[in-house]
Amino acid sequence: MSTLHDLARRLMALDDKIVYCMKCGFCQGVCPMFGASGMEADVTRGKLVLINNLAHEIIRDPEAVADKLGRCLLCGSCQVACPPGVKIMDVFLEARELVYGYLGLNPVKKMIFRILLAKPALFNFAVRVGAPMQRLVFRKTGEAQGTSCAPMLNFMLGDRHIRPLARTPLHAEYGFVDEPRSGGGLKAAFFPGCVGDKMYTDMAGACLKVLRHHKVAVYMPDKLACCGLPALSSGDAEGMLRELKTNLDALSKGDFDYIMSPCASCTACIREHWPHYAARLGAREQQLAQETAAKAVDINAFLIDVLKVQPVQSNANAQAVTYHDSCHLKKTLGVASQPRALIAANPAYTLTEMAEADRCCGCGGSFNLVHYDWSRKIGQRKRDNVVASGARIVATACPACMMQLEDVLSHNHDPVQVRHTVELYAESLR
């Protein structure tokens, strides 16, 4: 729990970050939460007013403050649209940390972030035990997305349609990987992310296939922790720091030129948040985090910008693919043209743009868990745009977006498959 003195000091620092907000309302038109609810309190400027009065509000009704701050997907749309350039995402993350530092974190979340996700061996063991047991409660939906549902667990999970856990996680299939450089060429650390390691293993395996095809040596420790973004988004900086330390220890043993992930959220966290939060761990960790962040690159950008993969002419009978821009990929990392170019590198596909391609799909990580009804409502707008494109495949470059797209498409019985951009490119390689 934060002391009142520490709370006051950090609140003053937070005020300095939001003083440039002009209350212009540019954030309103791009906010997916406002688009679904129509409530001013859900707009960024409304939350900034709340944060500006945080010292009073947190004492008067801290639970209400936490709820209002939690009604945000952290998609970054408002920050991109903000004329004076207020660092809104930094403000929101800091505010959530302050509120939960004052309130105290939910014991279940504390166990998940600080123990389960920070200890890869424990997390891997839990998944290894849980994967066979999921067949007892999950049943296949029969939809094109390959999803399952668990009506018995709707009281806890909501009526979600999700991919089952992989029978064999990526780390169990590949183990510790430290390949020698090929003729003095490039070497990349591969960070599969929790979902890539334990759910979308075919997608993560396709990434490794692509790197090896291009003779890029791979470094992949078998005991990587969560990137830390879920903990950070939930206001648990301590959990994030524990996960960060585990990852830095694992990555410090490798020699690589780049670090990349098929998950835009993981890449954004490594590049944007690791250096900032590692300062709380010590000088050594901060230096390691800064060095790692400087090497962080999205895998689509790596293939197009570094390896110079080129688009090709589509076949006459090429299948239409539409593309969804992940928020962290486009709005945080600035990567938009490269995933499209990667789709165009397979002649079996042709790109068909959807309306509002860069509008948030409604996942938002932990937002989807806490506010599933709102998440589904926001996702329905994305689903409508996907279906209106006429494509039978929607590609994206973030596993969290893949989960959300599969959920809303499956619920609507749409015959549209969800694929990662790298998977589509990997199909063209022999």
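Does Val418 meet the test of being modelled with pLDDT of 95 or more, surrounded by 24 or more Cβ atoms within 10 Å (Cβ to Cβ) and more than 19 Å from the chain's Cα centre (by Cα)?
no
For the stretch 370-388, check the following and say yes or no: at least one residue is assigned to a helix (DSSP H, G or I), aromatic (Phe, Trp, Tyr) and in contact with a Leu (Cβ under 6 Å, 6 or more places away or on another chain).
The answer is no, given that none of the residues of the stretch 370-388 is assigned to a helix (DSSP H, G or I), aromatic (Phe, Trp, Tyr) and in contact with a Leu (Cβ under 6 Å, 6 or more places away or on another chain).
Return yes when Ala344 is in contact with a Pro (Cβ under 9 Å, 6 or more places away or on another chain) and of a type in the set (A, V, I, L, M, F, W, C) and no when it is not.
When the stated conditions are applied, Ala344 passes them.
Check Ala121, Ala131 and return the single one that is aliphatic (A, V, I, L, M), under 29 Å from Val210 (Cα atoms) and loosely packed, with under 12 Cβ neighbours inside 10 Å.
That would be Ala121, the only listed residue that is aliphatic (A, V, I, L, M), under 29 Å from Val210 (Cα atoms) and loosely packed, with under 12 Cβ neighbours inside 10 Å.
Could you please find all residues in the stretch 336-376 being farther than 30 Å from Leu307 by Cα, among the charged types (D, E, K, R) and either surrounded by fewer than 20 Cβ atoms within 10 Å (Cβ to Cβ) or in the same structural domain as Val80 (by TED's automatic domain parsing) (or both)?
Asp373
Among the listed residues Gln79, Gln134, identify the single one that is in contact with a Pro (Cβ under 9 Å, 6 or more places away or on another chain), assigned to a helix (DSSP H, G or I) and modelled with pLDDT of 85 or more.
Gln134
Do any residues in the stretch 17-31 that are under 20 Å from Glu356 (Cα atoms) have Cβ atoms under 7 Å from those of residues that are among the β-branched types (Val, Ile, Thr) and surrounded by 12 or more Cβ atoms within 10 Å (Cβ to Cβ), where the two are at least six apart or on different chains, and which pairs are they?
Cys27/Val43; Cys27/Thr44; Gln28/Val43; Cys31/Val43; Cys31/Thr44
Mind listing just one residue for me: the one in the stretch 1-30 that is out of contact with any Leu (no Cβ under 9 Å at 6 or more places or on another chain) and part of a loop (DSSP other than H, G, I, E, B) and, of those, modelled with the lowest pLDDT?
Ranking the candidates gives Thr3 first.
How many of the residues in the stretch 291-324 are part of a loop (DSSP other than H, G, I, E, B) and in contact (Cβ under 8 Å) with a residue 60 or more places away in the chain?
Final tally of qualifying residues: 3.
May I ask you to list the residues in the stretch 90-130 that are touching a residue at least 40 places away in the same chain (Cβ under 8 Å), in a helix (DSSP H, G or I), more than 19 Å from the chain's Cα centre (by Cα) and more than 29 Å from Ala64 (Cβ to Cβ)?
Matches in the stretch 90-130: Ala121, Asn124, Val127, Arg128.
I need a count of the residues in the stretch 403-423 that are in a helix (DSSP H, G or I), in contact (Cβ under 8 Å) with a residue 60 or more places away in the chain and under 21 Å from Asn385 (Cα atoms).
Residues that pass the stated criteria total 8.
Would you mention how many residues in the stretch 36-76 are assigned to a helix (DSSP H, G or I), under 20 Å from Lys377 (Cβ atoms), of a type outside the set (Lys, Arg) and under 22 Å from the mean Cα position of the chain (by Cα)?
6
What's the number of the condition Met33 fails, among (1) assigned to a helix (DSSP H, G or I); (2) modelled with pLDDT of 80 or more; (3) more than 28 Å from the chain's Cα centre (by Cα)?
Answer for Met33: the failing condition is (3).
Residues that are touching a strand residue (DSSP E or B) at 6+ places or on another chain (Cβ under 9 Å), crowded, with 17+ Cβ neighbours inside 10 Å and closer than 25 Å to Lys330 by Cα: does the stretch 79-92 have at least one?
no
Condition check ((1) farther than 21 Å from Lys109 by Cα; (2) assigned by TED's automatic domain parsing to the domain that holds Thr168; (3) touching a residue at least 40 places away in the same chain (Cβ under 8 Å); (4) buried (at least 24 other Cβ atoms within 10 Å of the Cβ)) across all residues:
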site: Pro192; (1), (2), (3), (4): yes, yes, yes, yes
site: Leu208; (1), (2), (3), (4): yes, yes, no, no
site: Cys227; (1), (2), (3), (4): no, yes, yes, yes
site: Thr246; (1), (2), (3), (4): no, yes, yes, no
site: Gly254; (1), (2), (3), (4): yes, yes, yes, no
site: Ser261; (1), (2), (3), (4): yes, yes, yes, yes
site: Cys266; (1), (2), (3), (4): no, yes, yes, yes
site: Glu272; (1), (2), (3), (4): yes, yes, yes, no
site: His276; (1), (2), (3), (4): yes, yes, no, no
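The values are calculated or read from the model by the stated rules, or taken from the named source; none is laboratory data. Given the structure is predicted, the values throughout are model-derived calculations rather than measurements. Note that we place each Cβ from the backbone using ideal geometry, even for glycine, and neighbour counts take in every protein chain shown.
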